[in-house]
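Student: First the structure, then my questions, so here it is.
The values are calculated or read from the model by the stated rules, or taken from the named source; none is laboratory data. As the structure is a computational prediction, the values presented were derived from the model and not from experiment. Positions of Cβ are backbone-derived with ideal geometry, glycine not excepted, and every protein chain shown enters the neighbour counts. Ligands, DNA and RNA are excluded from the accessible area calculation, which covers all protein heavy atoms including side chains. Shrake-Rupley method; radii C 1.70, N 1.55, O 1.52, S 1.80 Å.
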Amino acid sequence: MSENVLDLAREHLLRPTGLGESELERVLSGLLGGAIDYGDLYFELSRHESWALEDGIVREGSWHVDQGVGVRAISGDKTGFAYSDEIVLPALLDAAHAARAIARHGENGRIRAWQACQGHNLYAPADPSADLSADEKVSLLQRVDAEARRLDTRVSQVMVSLAASHDLVLVAGSDGTLVADARPLVRLNVNVIVEQDGRRESGSFGGGGRTSYGFFLEDDRALTYAREAVRQALVNLEAIPAPAGSMNVVLGPGWPGVLLHEAIGHGLEGDFNRKGTSAFSGKIGQQVAARGVTVVDNGTLPQRRGSLNVDDEGIPTQCTTLIEDGVLVGYMQDRMNARLMNMPATGNGRRESYAHLPMPRMTNTYMLAGDQAPEEIIASVDKGLYAVNFGGGQVDITSGKFVFSASEAYLIENGKVTRPVKGATLIGNGPDVLTRVSAVGNDLKLDEGVGTCGKDGQSVPVGVGQPTLRIDGLTVGGTQA
Amino acid sequence: MHDVESSRTERLSLETIVENVLDQARKAGADAAEAVVSRDLGLSSSVRLGEVETLEYHRDKGLGLTLYFGKRKGNASTGDLSEGGIVQAIAAAAAIAKHTAEDPYAGLPDAEKLAKNYPDLDLDHPWDIKAEQAVELARRCEAAARDYDPRIRNSEGATVTTFRGTLAYGNTHDFVGSYTATRHSVSCSVVGEQDGGMQRDYWYATSRVAEDLQDVESVGRQAAERTVRRLGGRRLSTREVPVIFEAGVARGLIGHFVAAIRGPALYRKASFLLDHLGEAVFPVFMQLREAPHIPRALGSAPFDGEGVATQPRDIITDGVLQGYVLDSYSARRLGMETTGNAGGVHNLIVSGEDTDFNDLLARMDTGLLVTELIGHGINMVTGDYSRGAAGFWVEGGRIQYPVEEITIAGNLKQMFRNILAVGNDVDLRGNIRTGSILLERMTVAGE
């Protein structure tokens with residue numbers, strides 16, 4: 001990451017109200033001292049725009065801007081936090097005074113000298129909405145709408161949304177951390193409703209990443225989203241009720257990796273493990289998945305939705321192996337939990353905005369490829385379910401029970417994919433579900449870039465991925481008992 | 001007195017900003033405009049294992065505005081309420097409106113629908129509490145939970161929060177309205193352990209008036225009781241059985257009904273309750289009434305998100321759907337009138353026969369009591385429903401043992417029709433007030 005981004009952040013976040021490194025030093029040293037062992041300031045300027053089409057017209061467009069600074073003081077496992085949406089010295093000093101109430105007594109502390117941090121260079125720092133004019137954005141949405149309607153006369157409603165955000169952040173920590181990041185993010189989503197003989201079904205598809213709107217024009221990518229949404233909706237028109245009960249399930253590649261996010265990802269976040277409230281607590285070194293299963297969290301993939309040059313505590317992201325050949329080898333950590341667990345920070349400290357506290361969060365979480373052909377995996381199942389598209393999921397960290405909901409699935413009968421079935425929720429137990437992985441495909445795929453993860457009321461963009469997988473004895477929540 | 005005064009000053013200050021925004025919008029050439037300004041203050045104190053874990057001071061403000069140029073519109077929002085911030089937001093909305101399409105249905109609500117004289121709903125009850133006092137309350141709450149049973153071995157902590165916020169809304173029909181509201185809460189979540197298996201559960205109390213909150217020790221004990229009773233959970237084999245949604249999760253079930261009768265779902269034909277006005281959606285013994293003016297209630301509001309007067313009304317009478325949940329845009333799309341629901345419903349009260357919870361269990365005899373649901377397996381277009389569940393197996397009207405790692409599935413349209421009874425154990429902690437709900441039959445998937 002270039003020095004230019006730090007200059008950009010100074011110019012937009014600090015200079016307008018005359019702040020400089022010496023003022024940041026003053027605020028941080030006022031924060032530190034007594035039992036406070038770490039403090040940081042998180043400056044943020046975020047801009048967001050979105051456009052929405054329905055009934056063939058772009059009738060909504062929105063613009064949003066927000067800026068502010070979060071001030072945090074940490075003492076052991078205690079955190080004091082305050083924020084202000086005015087980036088001026090008196091507000092900063094006020095916030096610092098409030099935050100340090102957690103443990104501050106006595107003299108001011110000393111902060112370390114500023115050190116430049118070397119982050120990655122995974123995406124362009126520019127405003128991602130600037131490479132198309134407003135007219136071009138409107139016409140892009142109209143082309144997507146026209147494509148969806150052209151494909152099939154049964155398409156009765158098309159909704160398309162286009163959104164871009166640009167997030168400029170600067171982190172100043174009492175250990176001398178001074179680092180900035182400029183984060184673009186774009187997304188395009190298509191939802192369609194189809195109608196046939198009084199039956200209605202829906203389909204949706206989308207994609208994006210830390211790139212610019214031009215991404216959707218490459219190879220007419222946006223139009224492929226429309227085709228995929230229509231295809232899914234038409235498949236659902238033919239769907240029969242889903243089966244209920246325990247069965248062998250083959251998951252398709254890519255977005256079905258939401259399985260990993262829910263089943264093991266959250267359970268391997270440092271905070272839950274430090275507190276001993278995760279079903280994975282104390283399981284490092286143990287076999288938690290079948291041999292051949294390797295899962296990583298990788299924040300360093302260029303232009304991916306879950307990637308970051310540095311995390312929200314100023315630490316460069318990395319590729320962290322969570323499960324290696326079936327054995328649990330690592331957790332995802334932010335600064336505080338890493339220190340308390342005496343482990344290295346892994347660049348997973350993330351926050352929704354300056355008004356939220358950072359905590360350990362995933363970036364892009366995926367399983368590495370195995371060596372089996374996907375067709376062979378399907379052919380190996382006598383009777384079961386083939387699930388290729390999913391909505392969201394959820395997990396109970398403590399009991400380990402997790403769900404994820406299929407939106408496109410088929411029966412497998414005698415090794416062949418046969419009839420489509422209605423959406424159903426799949427449920428399992430995180431600590432043992434991966435021990436029942438009986439085949440790993442050679443077709444690793446990452447999702448298209450639409451994932452958003454919620455934890456403690458904070459949303460952050462994430463990615464998932466996996467190759468085709470066979471899992472034996474997963475419970476499918478259909479209606480056909 | 002001080003609080004009444006501070007609210008009045010704050011409301012006046014925000015109303016002035018709204019009027020300024022509307023003036024500037026007109027000067028920028030807008031034919032019509034609306035704006036909402038809010039400012040909130042809050043404190044959140046958490047304790048874990050007897051020690052302070054976090055102290056968070058919240059301070060948020062924001063401006064949202066919509067400008068109309070003929071039948072085109074643009075939206076903008078900002079956290080910057082300064083003159084410069086307002087000018088920037090108006091320019092951004094105006095720029096967007098140059099590119100959005102003419103929409104014949106776009107515009108402000110009709111002037112006569114606006115809440116010209118709106119009631120004071122007694123929503124502002126500041127809690128004069130210092131961080132140290134909030135920490136002490138959280139500590140007592142968590143201690144009560146941890147002392148409840150030796151199987152409570154760990155904790156996710158207890159939290160005490162207090163928020164006070166003022167909102168002002170105005171539009172170019174010469175309307176501006178504002179109100180201040182408070183919300184306070186106490187919550188606790190603990191972890192129990194038995195035979196190597198862990199479970200966590202939680203409880204919370206929330207109210208606009210601090211004195212009305214359930215006492216903190218009893219919140220803690222209830223969190224612990226709910227956690228301990230889940231220990232030793234078993235799975236079930238796949239079967240079809242009657243199901244009771246405990247009041248807390250029954251609220252979500254009614255929430256799906258509300259989502260299905262909201263304007264956008266209807267004009268997009270994306271609802272399983274399309275064209276059901278005047279039809280029986282629930283059994284004949286059920287009534288759903290919206291009561292937006294209950295003093296101090298969590299869902300009360302004097303006007304909706306576009307200044308339209310809220311009014312008490314029946315949504316379900318003897319099981320039959322009487323009206324939709326509409327804002328002015330979706331109402332025009334449907335050829336109807338707004339129901340004052342821009343932003344959602346306000347205190348939706350579900351009533352059925354007045355059945356005691358134990359009578360519900362007895363009536364079910366054998367079946368599943370659901371106390372927690374996870375996942376989002378709901379298709380609003382078809383009504384297909386499939387979610388992860390945890391709860392208790394019931395036989396002979398008595399709870400037998402906890403169950404987990406199962407799903408429940410059905411179709412919402414049929415599930416609503418197949419409601420057998422609604423309990424009188426009404427949960428008042430939200431915008432939808434319902435007791436537990438007994439359903440005739442759902443598919444449970446397990447081993």
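Student: Within region A:139-154, is there a residue that is in contact (Cβ under 8 Å) with a residue 60 or more places away in the chain, on the phi > 0 side of the Ramachandran plot and away from every other protein chain (no Cβ under 13 Å)?
Tutor: No: zero hits.
Student: Oh, and also: Restricting region B:406-447 to residues that are more than 25 Å from B:W203 (Cβ to Cβ) and among the basic types (K, R), which is least open to solvent (accessible area, probe 1.4 Å)?
Tutor: Among residues in region B:406-447 that are more than 25 Å from B:W203 (Cβ to Cβ) and among the basic types (K, R), the one least open to solvent (accessible area, probe 1.4 Å) is B:K413.
Student: Only one of (1) under 30 Å from A:V235 (Cβ atoms); (2) without any contact (Cβ under 8 Å) to a residue 12 or more places away in the chain is not met by A:P344, so which one is it?
Tutor: (1)
Student: Sticking with this structure for a sec: If I filter region A:191-206 for residues that are within 14 Å of chain B (Cβ to nearest Cβ) and of a type in the set (S, T, Y), do I get at least one hit?
Tutor: Checking region A:191-206: at least one residue is within 14 Å of chain B (Cβ to nearest Cβ) and of a type in the set (S, T, Y).
Student: Here is a further query. Looking at A:G449, A:G454, can you tell me which residue is of a type outside the set (D, E) and either open to solvent by less than 40 Å² (accessible area, probe 1.4 Å) or under 23 Å from A:L411 (Cβ atoms) (or both)?
Tutor: Working: A:G454 fails: either open to solvent by less than 40 Å² (accessible area, probe 1.4 Å) or under 23 Å from A:L411 (Cβ atoms) (or both).
Selected residue: A:G449, the only one of A:G449, A:G454 that is of a type outside the set (D, E) and either open to solvent by less than 40 Å² (accessible area, probe 1.4 Å) or under 23 Å from A:L411 (Cβ atoms) (or both).
Student: Here's a check for you: in region A:44-68, which residue that is facing chain B (nearest Cβ under 9 Å) and over 30 Å from A:Q142 (Cα atoms) is least open to solvent (accessible area, probe 1.4 Å)?
Tutor: Only one residue tops the list, namely A:G68.
Student: OK, next. Return the total of residues in region A:202-231 being in a helix (DSSP H, G or I), open to solvent by 10 Å² or more (accessible area, probe 1.4 Å) and closer than 25 Å to B:D384 by Cβ.
Tutor: Going through region A:202-231 one residue at a time, the tally reaches 3.
Student: Condition first: open to solvent by less than 10 Å² (accessible area, probe 1.4 Å) and in a helix (DSSP H, G or I). Now tell me which residues in region A:322-341 satisfy that.
Tutor: Passing the criteria: A:N337, A:A338.
Student: Looking only at region A:1-22, how many residues end up being in contact (Cβ under 8 Å) with a residue 40 or more places away in the chain and within 14 Å of A:R110 (Cα to Cα)?
Tutor: Residues flagged as in contact (Cβ under 8 Å) with a residue 40 or more places away in the chain and within 14 Å of A:R110 (Cα to Cα) within region A:1-22 amount to 0.
Student: Which residues, taken from region A:115-146, are in a helix (DSSP H, G or I), out of contact with any Asp or Glu (no Cβ under 9 Å at 6 or more places or on another chain) and open to solvent by 50 Å² or more (accessible area, probe 1.4 Å)?
Tutor: A:D135, A:E136, A:S139, A:Q142, A:A146
Student: With respect to the numbered conditions (1) free of Cβ contacts under 8 Å to residues at least 40 places away in the same chain; (2) surrounded by fewer than 24 Cβ atoms within 10 Å (Cβ to Cβ), which one is the sole condition not fulfilled by B:G74?
Tutor: Against the list (1) free of Cβ contacts under 8 Å to residues at least 40 places away in the same chain; (2) surrounded by fewer than 24 Cβ atoms within 10 Å (Cβ to Cβ), B:G74 comes up short only on (2).
Student: Inside region A:16-37, can you point out the residues that are polar (S, T, N, Q) and either within 15 Å of A:H97 (Cβ to Cβ) or at pLDDT 90 or above (or both)?
Tutor: Initial filter on region A:16-37 (polar (S, T, N, Q)): A:17, A:22, A:29.
Once the filter is applied, which keeps residues that are polar (S, T, N, Q) and either within 15 Å of A:H97 (Cβ to Cβ) or at pLDDT 90 or above (or both), region A:16-37 yields A:S22, A:S29.
Student: While we're here: Any idea which of B:E447, B:E353 is modelled with pLDDT under 95, more than 14 Å from chain A (Cβ to nearest Cβ) and in a loop (DSSP other than H, G, I, E, B)?
Tutor: None of the other options fit; the residue is B:E353.
Student: How many of the residues in region B:44-56 are within 20 Å of B:P126 (Cα to Cα) and surrounded by fewer than 21 Cβ atoms within 10 Å (Cβ to Cβ)?
Tutor: Number satisfying all stated conditions: 1.
Student: Can you name every residue in region A:69-95 that is over 22 Å from A:S46 (Cα atoms), of a type in the set (G, A, S) and buried (at least 19 other Cβ atoms within 10 Å of the Cβ)?
Tutor: Result: A:A73, A:G80.
Student: Can I ask one more? Would you point out which residue out of A:V421, A:V381 is more than 10 Å from every other protein chain (Cβ to nearest Cβ), aliphatic (A, V, I, L, M) and within 17 Å of B:Y385 (Cα to Cα)?
Tutor: Being more than 10 Å from every other protein chain (Cβ to nearest Cβ), aliphatic (A, V, I, L, M) and within 17 Å of B:Y385 (Cα to Cα) holds for just one of A:V421, A:V381, which is A:V421.
Student: Here's a follow-up. Only one residue in B:D275, B:D327 is open to solvent by 10 Å² or more (accessible area, probe 1.4 Å) and without any contact (Cβ under 8 Å) to a residue 24 or more places away in the chain. Which one?
Tutor: Exactly one of B:D275, B:D327 is open to solvent by 10 Å² or more (accessible area, probe 1.4 Å) and without any contact (Cβ under 8 Å) to a residue 24 or more places away in the chain, namely B:D275.
Student: Could you go through region A:401-417 and let me know if any residue there is without any contact (Cβ under 8 Å) to a residue 12 or more places away in the chain and open to solvent by 10 Å² or more (accessible area, probe 1.4 Å).
Tutor: no
Student: Could you list, in sequence order, the residues of region B:195-217 that are within 24 Å of B:G299 (Cα to Cα) and either within 14 Å of chain A (Cβ to nearest Cβ) or out of contact with any Ser or Thr (no Cβ under 9 Å at 6 or more places or on another chain) (or both)?
Tutor: Within region B:195-217, B:Y202, B:Y204, B:E211, B:D212, B:D215, B:V216 qualify.
Student: Considering only region B:91-113, I want to know if a residue exists there that is modelled with pLDDT under 95, within 21 Å of B:G177 (Cβ to Cβ) and open to solvent by 60 Å² or more (accessible area, probe 1.4 Å).
Tutor: Start the filter on region B:91-113 by keeping residues that are modelled with pLDDT under 95, which leaves none.
Checking region B:91-113: not a single residue is modelled with pLDDT under 95, within 21 Å of B:G177 (Cβ to Cβ) and open to solvent by 60 Å² or more (accessible area, probe 1.4 Å).
Student: Is it the case, given these coordinates, that A:D131 is under 25 Å from A:T211 (Cα atoms) and facing chain B (nearest Cβ under 8 Å)? Talk me through it step by step, then tell me what you get.
Tutor: Values: under 25 Å from A:T211 (Cα atoms): yes; facing chain B (nearest Cβ under 8 Å): no.
Spelling it out, it is not the case that A:D131 is under 25 Å from A:T211 (Cα atoms) and facing chain B (nearest Cβ under 8 Å).
Student: Considering only residues that are among the hydrophobic types (A, V, I, L, M, F, W, C) and assigned to a helix (DSSP H, G or I), which ones fall in region A:147-166?
Tutor: Within region A:147-166, A:A148, A:L151 qualify.
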